[in-house]
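**Student:** Structure incoming, see below.
The values are calculated or read from the model by the stated rules, or taken from the named source; none is laboratory data. Since this is a predicted model, take the numbers as computed values, not measurements. Please note: Cβ atoms are built from the backbone with ideal geometry, for glycine as well, and neighbour counts cover all protein chains shown.
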Amino acid sequence: MKTKHILLSHGAGGREMGRLIEQVFLARYGAGGKPGDDSAVLTLGGGQLAFTTDSFVVAPLFFPGGDIGRLAVAGTVNDLLTAAARPLALSASFILEEGLEIETLMAIAGSMRDTAAECGVAIVTGDTKVVPKGAADQVFITTSGVGEVVRPGVSGAAARPGDRVILTGTVGDHGAAVMLARENLLQGGGLASDVAPLTDLVLTLLAEGIEVHAMRDPTRGGIAASLNEIARQSGVAITIEESRVPVQPGVAAACEALGLDVFQVANEGKMLIFVAPGDAARALEVVRSRRYGQDASLIGEVLPGPPRRVQVRTLLGTTRLLDPPAGELLPRIC
């Protein structure tokens, strides 16, 4: 690696993070299955389990639309869902800073309980460590999850030419809301995080027998990072229509004011779903019928090449490349 020290950009979900994972972790641990997916898939007996883990360091702890507790449960549940797995159980590990108010911790734990109940998953084990004041920032949470794979083969490496790309709702809501709350810029703007578990949406879609090839929840790095990951894994090209990507006006205004590309801003309650072309219309109908999919849109398609390229047809009728994010856009966003 060119740099000798960890930078904030190494946790941003873009190019630097990808290189860190490849050159440090994969080089020492091995791929362990399909590299690049949000969950590992393990074959046990006659079935398959999905297994994932994630850490959450968001600041502030409480933000419009959610908090670190809801984020910790929803984020891990959604990663399991990308493997077409029914979430079963979670672990929760806490690193607490000396001086944290017990009431704050109780509120976070209650939010985790409520979010787990919403998606029918149990929090079954965990761990707690306390560090001296100044050694952490209030609360860091790590959650791991296991789930039963109900549709084997769904992977970022399984997208095929001809697939249609469905986005389940508006982009950039979480990143914009957290950043504005952190900087005390939310003055009645009505922006709120989209953080939510997508269990009902995804499992309903799978139960309909729709041919789903790949799914990804576009968190750090937004849809730009997720689309590039899938294009790289599958060796395909992806084209999306800018006019079809739903963006709330307040989010668009905030991103413009902050100089951010909304396609690179984090979401925590959305899913990119790659479906066979003959099932696209039905899939969109099913997604829109669910609680967290009412603003879903068919935003693009998969092409045979040029391999690993993602491009956007703009509102002006031109085409531009949608590159993976580079640098640190929004630190401490999840």
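**Student:** Within region 56-71, is even one residue closer than 27 Å to HIS213 by Cβ and at pLDDT 95 or above?
**Tutor:** Checked against the condition, which is being closer than 27 Å to HIS213 by Cβ and at pLDDT 95 or above, region 56-71 yields no hits at all.
**Student:** Sticking with this one: Would you say GLY278 is under 12 Å from LEU201 (Cβ atoms), at pLDDT 95 or above and among the small types (Gly, Ala, Ser)?
**Tutor:** No; evaluated as a whole, the condition is false for this residue.
**Student:** Something else: Would it be correct to say that ILE223 is out of contact with any strand residue (DSSP E or B) (no Cβ under 6 Å at 6 or more places or on another chain), of a type in the set (Val, Ile, Thr), within 15 Å of THR82 (Cα to Cα) and at pLDDT 95 or above?
**Tutor:** Considered against the rule, which asks whether it is out of contact with any strand residue (DSSP E or B) (no Cβ under 6 Å at 6 or more places or on another chain), of a type in the set (Val, Ile, Thr), within 15 Å of THR82 (Cα to Cα) and at pLDDT 95 or above, ILE223 comes out as yes.
**Student:** Something else: Please pick out the residue among THR219, THR199, THR168 that is closer than 30 Å to GLY46 by Cα, of a type in the set (S, T, N, Q) and either surrounded by fewer than 24 Cβ atoms within 10 Å (Cβ to Cβ) or outside the structural domain of VAL77 (by TED's automatic domain parsing) (or both).
**Tutor:** Only one candidate passes the filter, namely THR199.
**Student:** Which of the following residues is assigned by TED's automatic domain parsing to the domain that holds VAL212 and within 17 Å of VAL171 (Cα to Cα): GLY269, GLY317, GLY278, GLY305?
**Tutor:** Only one candidate passes the filter, namely GLY269.
**Student:** A follow-up question, please. Among the numbered criteria (1) among the aliphatic types (A, V, I, L, M); (2) surrounded by fewer than 20 Cβ atoms within 10 Å (Cβ to Cβ); (3) more than 22 Å from ARG182 (Cα to Cα), which single criterion is violated by ALA85?
**Tutor:** (2)
**Student:** Further, regarding this structure: For region 131-190, how many residues meet the condition of being at positive phi, more than 15 Å from the chain's Cα centre (by Cα) and modelled with pLDDT of 95 or more?
**Tutor:** Residues that pass the stated criteria total 4.
**Student:** Hey, does region 65-83 have a residue that's farther than 30 Å from ALA207 by Cβ and in contact with a His (Cβ under 9 Å, 6 or more places away or on another chain)?
**Tutor:** no
**Student:** Here are SER226, SER297: which of them is outside the structural domain of PRO60 (by TED's automatic domain parsing), more than 30 Å from VAL139 (Cα to Cα) and out of contact with any Phe, Trp or Tyr (no Cβ under 6 Å at 6 or more places or on another chain)?
**Tutor:** That would be SER297, the only listed residue that is outside the structural domain of PRO60 (by TED's automatic domain parsing), more than 30 Å from VAL139 (Cα to Cα) and out of contact with any Phe, Trp or Tyr (no Cβ under 6 Å at 6 or more places or on another chain).
**Student:** May I ask you to say which residue of ALA107, ALA122, ALA92 is out of contact with any His (no Cβ under 9 Å at 6 or more places or on another chain) and crowded, with 19+ Cβ neighbours inside 10 Å?
**Tutor:** ALA92
**Student:** Quick one: is ALA214 among the aliphatic types (A, V, I, L, M), modelled with pLDDT of 95 or more and under 14 Å from the mean Cα position of the chain (by Cα)?
**Tutor:** yes
**Student:** Can you tell which of GLY259, GLY278 is out of contact with any His (no Cβ under 7 Å at 6 or more places or on another chain) and without any contact (Cβ under 8 Å) to a residue 40 or more places away in the chain?
**Tutor:** GLY259
**Student:** For MET112, are the conditions met, namely being at pLDDT below 95, under 18 Å from the mean Cα position of the chain (by Cα) and surrounded by 18 or more Cβ atoms within 10 Å (Cβ to Cβ)?
**Tutor:** no
**Student:** Taking the criterion of being within 23 Å of ASP38 (Cα to Cα) and of a type in the set (D, E, K, R), would at least one residue in region 244-252 satisfy it?
**Tutor:** No, region 244-252 contains no residue that is within 23 Å of ASP38 (Cα to Cα) and of a type in the set (D, E, K, R).
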